[in-house]
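Have a look at the structure below before the remarks.
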Amino acid sequence: MHRLIALTLLSFTATPAAAYDVCDEAWYIRNLIFDRAGYCFGSTLGQAVFDNTGCTGKDVSLSPGDAATVEMIREQEGWMACAVDTGATRLDVPHRALLDRLEVLPVPTDTASGCIGWTGGPIPLLAAPREDAALVGRGEAGVNVVWEYDYESVLDGWQFLTLYRDSELVGMGWSITPIFEDQCTSQAG
């Protein structure tokens, strides 16, 4: 619901792709970090979503960046009063495949701002905030560029962007492409 409100502020028409639960997304991203570290899930939801294939135990080590991201997500979950049902067998995160491609994961928030109608050149989206990271998407003129995630630290001009065409999420990732007001048809947020 929070994400739906934020996207409405950006002049999008809500669609099922945009109307997911930001608390489900926060739970997924936080636990994806643990899954990648080898964590073995005990909850019904954790087992259903991550299946424990290749897990190594419950005492896993996170990198300092991942630990900071997990802490930020936990703070957001508390602030948003999230209460994900870990006894469930499914999670409402329709863009999981896009998140799974990211090497460095962002922190979901319930706010957003955006550049509506990007008029600039291509915007490469990378899996991590470094130039040799895998290309996971590309924005072209006409997309809406949205800042709706936070991250552990701002790294030399890198930012985490989501791209929408009309109300459809078409890409997300890290970009070092500068976005200036005069390259937007309008702005929101």
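Nothing in this text is a laboratory measurement; each read-out follows from the coordinates by a stated rule. The structure presented is a predicted model; accordingly, all values stated were derived computationally and were not measured. With ideal geometry, Cβ positions are generated from the backbone for all residues, glycine too; neighbour counts draw on all protein chains shown.
In terms of packing, defined here as the mean over residues of other Cβ atoms within 10 angstrom, the peptides 159-167, 135-143 line up highest first as 159-167, 135-143. Between the listed residues G137, Q159, T53, the Cα displaced farthest toward the positive end of the dipole of the chain, a dipole computed from Cβ unit charges relative to the Cα centre, is found at T53. Estimated from helices alone, the mean residue ellipticity of the chain at 222 nm is -8000 deg cm²/dmol (sum of -39500 (n - 2.57) over DSSP H runs with n ≥ 4, per residue). The simple spin-label model puts a point 7 Å past each Cα toward its Cβ; for E140 and R90 those points are separated by 3.3 nm. Averaging the Cα positions of each part gives two centres, and for region 151-182 and region 36-71 these lie 27 Å apart.
Quick one: net charge around G120, please, counting Lys, Arg +1 and Asp, Glu -1 for every other residue with C-beta under 13 Å from its C-beta. Local net charge: -2.
Modelled this way, with points 7 Å down the Cα-to-C-beta line, the labels at S61 and T119 are 5.2 nm from one another.
Taking Lys and Arg as +1 and Asp and Glu as -1, the other residues whose beta-carbon sits under 15 Å from that of T185 total -3.
Within the shell of other residues whose beta carbon sits under 13 angstrom from the beta carbon of A88, the net charge comes to -3, with Lys and Arg scored +1 and Asp and Glu -1. If the label point is 7 Å along Cα→Cβ of R130, which residues in region 171-187 have backbone nitrogen under 19 Å from it? In region 171-187, the label zone of R130 (backbone N under 19 Å from the point 7 Å along Cα→Cβ) covers 173-177. Summarising the label geometry, the points placed 7 Å from Cα in the beta-carbon direction at Q187 and L155 lie 2.6 nm from one another.
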